[in-house]
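A short reminder: the numbers here are calculations on the coordinates, not readings from a lab. Note that the structure is predicted; figures quoted are calculated from it, not measured. Because the Cβ atoms are built from the backbone with ideal geometry, glycine has one as well, and the counts that use them run over all protein chains shown.
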């Protein structure tokens, strides 16, 4: 019998397995992943990793593998305009360092991060089974039985679902969600440009939604481009010439000519919050627990916070000789994470509604607000600390760079 089974082999699932196994090597931990074994090597996307999450990756012993390919975000610029505006005034700027001199975030290619996490799993002896999804779930007094898509079954004292915003396991566990659709999709693509970005990230608030430009190594940038779903699907289906022409209208010409590298994809955007993060011998983490708008760039980092809190809860319970799958233990994890998740979900929802709006009075009010924040250094420092995840008083030890 397994001590902990993680379903979902993405960043959050792999990190959850590593965090527990590293701190409690005697526990038998395994991962089941629905995707084929090598499909992650074709991922051309990148992710924003905040300073607190980078500290956790240091504790895992893999940051030294990741850092050479990680692009520090040294500055953040926020503008508010229409696509047709000839000039886009800068309303808010942030320096990219937090108190200890670290960049508040890095952009990391997904293939680099997954390779490092999988390497850590190999070194710790964590078994990863590929091409298998969960089809049935039965909870017993002492364990959970998970039936997989090949007909085999696994028994585990604790089941952790990291299988995404449309979590099959969440449904099997009978956990309901609060969900609504924004009518928007996020276009994700990587572009190459002539001039260096100097580590500067930009977020343009346009009428259809935020348009984020996030720096990568080698004169490249990652885009998270929000459009109405119908327009997003049309743009992604268009040939590169039309796509790049529309892109230039939003991106501008300050970095020279643009060229799309690799695939461009569109993902529907909405808000999904699980009504409960736990059930007997069962816990949700990452997008399975919460799917939020990408306007703040915090979605993946919320998942890393889940990992750090869950691992600390489980490992401390194990050291006390307690049952790691007990609902009393798991409710400590839920209490730790639920309010922060709800707060971030509401914040991103309000920001999206506020900034995906072209009504003149609202534009004036939000631009005045951005201007006021830009002139208050202490308030800016507070916001950057919050974004970096370094100032929260209830941070788990892993996010402070400490072992469990």
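According to the square roots a ≥ b ≥ c of the eigenvalues of the Cα gyration tensor, what is the shape class of the chain, taking rounded for a/c under 1.5, prolate for a/b larger than b/c otherwise, and oblate for the remainder?
Working: a/c = 1.76, a/b = 1.65, b/c = 1.06.
Note, shape of the chain comes out prolate.
Going by C-beta contacts inside 10 Å, put 251, 277, 282 in order with the fewest on the left. Don't skip to the answer; put the middle values down first.
Values: 251 20, 277 28, 282 25.
Least to most surrounded, the residues fall as 251, 282, 277.
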How do 254, 75, 259, 55 rank when sorted from fewest to most other Cβ atoms within 10 Å of their own Cβ? 254, 259, 75, 55
What is the Cα centroid distance between the range 1-40 and the range 306-332, reported in whole angstrom? 16
Counted neighbours (other Cβ, 10 Å), sorted fewest up, put 239, 287, 163 in the order 239, 287, 163
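Per DSSP H run of at least 4 residues, take -39500 (n - 2.57); add these up for the chain, divide by its residues and hand me the 222 nm value, nearest 500 deg cm²/dmol. Intermediate values should be presented prior to the final figure.
Numbers: 11 runs with 144 residues, N = 404.
When only DSSP H runs of four or more count, the value is -11500 deg cm²/dmol.
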Expressed as an acute angle from 0 to 90° and rounded to the nearest 10, what is the orientation of the C-alpha long axis of helix 240-251 relative to the principal long axis of the chain? 80
How tilted is helix 299-319 with respect to the longest principal axis of the chain? Cα atoms for both, answer in degrees (0 to 90, nearest 10). 20
Taking Cα atoms, how many degrees apart are the long axis of helix 360-374 and the longest axis of the chain, rounded to 10 and kept between 0 and 90? 70
DSSP bridge pairs, the chain: antiparallel proportion in percent, nearest 5: 75
